[in-house]
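Student: Quick one: the structure is below, and I'll ask about it shortly.
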Amino acid sequence: MGMSEVKRSGVDLDKTRFIRYSRGVFPFTGLLDLLCPPICPICGDVIETPDGKSNPICSVCAPKIVTPDGQFCRRCGGRRFIVANNADECARCRTTEFRFKRVIALGEYENDLRLFVLRMKTDRTGVLAIAATKALAIYRRADLENVQADYITPVPMHRQRRADRGVNSPDLFAEELGRQLNVPVTRHLVLRNRPTDLQYTLSHKARTENVGGAFVLCPPRFWSQFGFQPLIAGKNVLLVDDILTTGSTCNEVTKVLLAAGVRSVTVAVIARAEGDYSRSSHN
């Protein structure tokens, strides 16, 4: 898919940027809703909020991007291989070794959510990432709270790719999710110590090899630059990313965290990719 198609498929960011940013910092949300009604980042329509609650996705688009509760695997977050609703694992989980405890995903990486995520990856304003995270917090709040996370941390991006892209969406997810759940956030638990190939260009086996040994625990001297050293032994960590496909990247990060004494790692993502769409994702 070319970027021209991605831009045509969604809302013009230039028209919504000020409104969405203002909603993030403006202290009088009710007044702002009257002056600048919230806009759905999927379709661009004004979001009606008769109950006074702020939902970042309109009632028409939400069912298109949010997988209904109980219709996905509670282990890997996938939907294609589930045996029964509310199952603790699916057919794929039984043959795949996941180090993390489970995956919490907003929806499937297809159709409207796929287009939204592709736009989000190139949005340097962070507007779409914040909207996606708010939706995740609303529709998966019970699952997220049940994690009882002590820390939230994003999947790290190598400094070289960060310089090229200018933004790491998981960083924005982590910060917003921390605000929504009132959980401490740190971007400095794990480092990506070498550049890796883009995962979506690789086969399943090659993805695992690509990220093998690519992550290390941040040394205490690194933490000291930021004024604290998190005590992670025995803690529950919520690891966030934008998309999960094979789980290779999150598996490798989890390996590092568990080796450091972390009690459990749960993964939260905006989209869970399976099948034909795996070539457009990265994990």
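The values are calculated or read from the model by the stated rules, or taken from the named source; none is laboratory data. As the structure is a prediction and not an experimental result, all values here were calculated from the model. Every residue, glycine as well, gets a Cβ built from its backbone with ideal geometry; the counts of neighbours run over all protein chains shown.
Student: Being modelled with pLDDT of 70 or more and under 21 Å from I65 (Cα atoms) is the filter; apply it to the stretch 79-89 and report the residue that is surrounded by the most Cβ atoms within 10 Å (Cβ to Cβ). Steps first, please.
Tutor: Here is the first cut: in the stretch 79-89, the residues modelled with pLDDT of 70 or more are 79-82, 88-89.
This time we only want the ones that are under 21 Å from I65 (Cα atoms), so: 79-82.
Numbers: R79: 18, R80: 13, F81: 17, I82: 21.
Of everything passing the filter in the stretch 79-89, I82 is surrounded by the most Cβ atoms within 10 Å (Cβ to Cβ).
Student: Mind listing whichever residues of the stretch 181-204 are buried (at least 16 other Cβ atoms within 10 Å of the Cβ) and at pLDDT 85 or above?
Tutor: Once the filter is applied, which keeps residues that are buried (at least 16 other Cβ atoms within 10 Å of the Cβ) and at pLDDT 85 or above, the stretch 181-204 yields L181, V183, V185, T186, L189, V190.
Student: Looking at D112, D88 in this structure, which one is farther than 25 Å from N251 by Cβ, over 15 Å from the mean Cα position of the chain (by Cα) and either charged (D, E, K, R) or not in a loop (DSSP other than H, G, I, E, B) (or both)?
Tutor: Working: D88 fails: farther than 25 Å from N251 by Cβ.
On inspection, the qualifying residue turns out to be D112.
Student: May I pose another question? Hey, T67 hits all of (1) part of a loop (DSSP other than H, G, I, E, B); (2) more than 18 Å from the chain's Cα centre (by Cα) but one; which does it fall short on?
Tutor: (2)
Student: I've got another one for you. Mind listing whichever residues of the stretch 244-265 are touching a strand residue (DSSP E or B) at 6+ places or on another chain (Cβ under 9 Å), assigned to a helix (DSSP H, G or I) and among the hydroxyl-bearing types (S, T, Y)?
Tutor: Passing the criteria: T249, T254.
Student: Sticking with this structure for a sec: Only one of R75, R94 is outside any loop (DSSP other than H, G, I, E, B), modelled with pLDDT under 90 and closer than 30 Å to N236 by Cα. Can you tell me which?
Tutor: Exactly one of R75, R94 is outside any loop (DSSP other than H, G, I, E, B), modelled with pLDDT under 90 and closer than 30 Å to N236 by Cα, namely R94.
Student: Still on this structure: Quick one: which residue in A142, A137, A132 is under 17 Å from A273 (Cβ atoms) and small (G, A, S)?
Tutor: On the way: A142 fails: under 17 Å from A273 (Cβ atoms); A137 fails: under 17 Å from A273 (Cβ atoms).
The match here is A132.
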